[in-house]
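Here the structure is laid out as structure tokens; the discussion comes afterwards.
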Amino acid sequence: MKKTGFYDPLCENKFEKRRGLIHRYPDRVVLTVTGRCFAYCRFCFRKKNWSGFNGFDLSGAVEYIKENKNIQEVLISGGDPFFLSDEQLGRILAPIKAIDHVKFIRIGTRVLSSNPLRIDNNCVSAIAEYKPLWIAAHINHTDEITKEFVNSASMIIDAGIPIVAQTVLLKGINDNADILERLFCKLVEIGIKPYYLFGCDYAQGNGHFRVPIESAVKIINKLRGSISGLCVPNFSFDLPQGGGKIIVEPDRLRKRYKNRYVFVNFEGKEFDYDDV
Ligand code: SF4
């Protein structure tokens with residue numbers, strides 16, 4: 001059968017500076033610390049790591065970050081970093097936290113929706129040592145919000161570790177404003193800020209999940225018109241050939257005459273706005 005989609009849709013291999021360390025944007029790096037996950041998501045953009053993970057070079061990564069003083073954020077990702085033990089996580093976080101110019105660390109994970117009981121008091125105390133630390137939790141549907149999800153998220157938040165959510169827009173699963181509205185409002189109620197709604201990256205085997213940009217923008221427009229900005233994430237997708245992430249919003253600007261702008265609101269009504 002003909003394969004569609006890309007092995008490495010974000011061209012991360014091109015930006016790999018040390019084994020497992022990806023430096024795509026000036027101020028931040030991603031360190032992939034495992035190829036293993038609690039769930040192996042069909043729509044994953046990094047599924048190349050499931051069987052092809054070559055490990056990571058922690059001391060090389062730390063040296064690289066030390067040498068690049070504009071790096072202020074390190075994202076620990078994978079696979080799922082919580083697949084590692086608390087001790088293993090601590091051995092990764094400690095030398096990164098010790099770098100003066102690293103101002104904050106983020107852990108990208110699907111643990112809350114895939115294995116929330118992995119988060120216990122020991123785990124939370126272990127990672128809380130490395131604050132300011134942020135958790136980027138991957139969740140796509142309210143059906144993934146269990147009692148255990150809420151308990152584990154609350155433990156993390158109560159320890160002073162903020163959580164933001166990342167959602168992948170998936171055809172036939174959540175490509176509907178009502179479904180997403182319920183998800184995003186529920187997350188804010190728990191104390192989690194919806195951060196990104198990602199277009200599904202074109203990795204091998206993902207094609208049937210992709211939603212046209214036009215449909216996605218209509219969904220965002222509907223959300224912007226119906227719920228608080230606190231509940232609406234950025235709709236973003238990655239450009240091909242490693243072009244990086246872009247954020248796409250409904251186009252609000254209709255015309256401009258000198259300092260007069262004509263904008264369209266979420267209801268499709270036009271309004272003149274005189275700039276300073
Ligand atoms: S949990 Fe994340 S990294 Fe793991 S398979 Fe799913 S999307 Fe990919």
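What do you reckon, is residue 139 touching a Ser or Thr at 6+ places or on another chain (Cβ under 6 Å) and either surrounded by 17 or more Cβ atoms within 10 Å (Cβ to Cβ) or among the hydroxyl-bearing types (Ser, Thr, Tyr) (or both)? Judged against the criteria, residue 139 is a match. If you filter segment 218-270 down to residues that are of a type in the set (A, V, I, L, M) and assigned to a strand (DSSP E or B), you find that the one that is modelled with the lowest pLDDT is 239.
Evaluated against (1) buried (at least 20 other Cβ atoms within 10 Å of the Cβ); (2) away from the ligand (no atom under 11 Å from the Cβ), residue 54 falls short on exactly one condition, (1).
Restricting attention to segment 28-39, the residues that are within 13 Å of residue 105 (Cβ to Cβ) and either within 16 Å of the ligand (Cβ to nearest atom) or surrounded by fewer than 20 Cβ atoms within 10 Å (Cβ to Cβ) (or both) total 4.
Check whether at least one residue in segment 112-123 is away from the ligand (no atom under 14 Å from the Cβ), of a type in the set (D, E, K, R) and crowded, with 17+ Cβ neighbours inside 10 Å, and report yes or no.
no
Report every pair of residues separated by at least 6 positions or lying on different chains whose Cβ atoms are under 6 Å apart, first residue within segment 184-202 and in contact (Cβ under 8 Å) with a residue 24 or more places away in the chain and within 26 Å of residue 214 (Cβ to Cβ), second assigned to a strand (DSSP E or B) and hydroxyl-bearing (Ser, Thr, Tyr). If the second residue must be assigned to a strand (DSSP E or B) and hydroxyl-bearing (Ser, Thr, Tyr), the pairs left are 196/236; 197/167; 198/236. All conditions but one from (1) in contact (Cβ under 8 Å) with a residue 60 or more places away in the chain; (2) among the β-branched types (Val, Ile, Thr); (3) outside any loop (DSSP other than H, G, I, E, B) apply to residue 4; the one that does not is (3). Against the test of being under 17 Å from the mean Cα position of the chain (by Cα) and either within 26 Å of residue 142 (Cα to Cα) or modelled with pLDDT under 95 (or both), the options 36, 28, 46 yield a single qualifying residue, 46. Quick one: is residue 198 modelled with pLDDT of 95 or more, touching a Phe, Trp or Tyr at 6+ places or on another chain (Cβ under 7 Å), closer than 17 Å to residue 141 by Cβ and buried (at least 16 other Cβ atoms within 10 Å of the Cβ)? So residue 198 passes the test. The set of residues in segment 60-91 that are of a type in the set (Ser, Thr, Tyr) and either without any contact (Cβ under 8 Å) to a residue 12 or more places away in the chain or away from the ligand (no atom under 16 Å from the Cβ) (or both) comprises 64, 85.
Of the strands (runs of 3 or more DSSP E) that lie entirely inside segment 8-70, those containing 2 or more residues that are more than 23 Å from residue 205 (Cβ to Cβ) and in contact with a Gly (Cβ under 9 Å, 6 or more places away or on another chain) span 16-18, 21-25.
Of the residues in segment 78-96, at least one is among the polar types (S, T, N, Q) and part of a loop (DSSP other than H, G, I, E, B). Going through (1) surrounded by 15 or more Cβ atoms within 10 Å (Cβ to Cβ); (2) away from the ligand (no atom under 16 Å from the Cβ); (3) not polar (S, T, N, Q) one by one, residue 131 falls short only on (1).
The values are calculated or read from the model by the stated rules, or taken from the named source; none is laboratory data. For clarity, every value in this text was computed on a predicted model and none was experimentally measured. Reconstructed Cβ throughout: ideal geometry from the backbone, glycine too, with neighbour counts over all protein chains shown.
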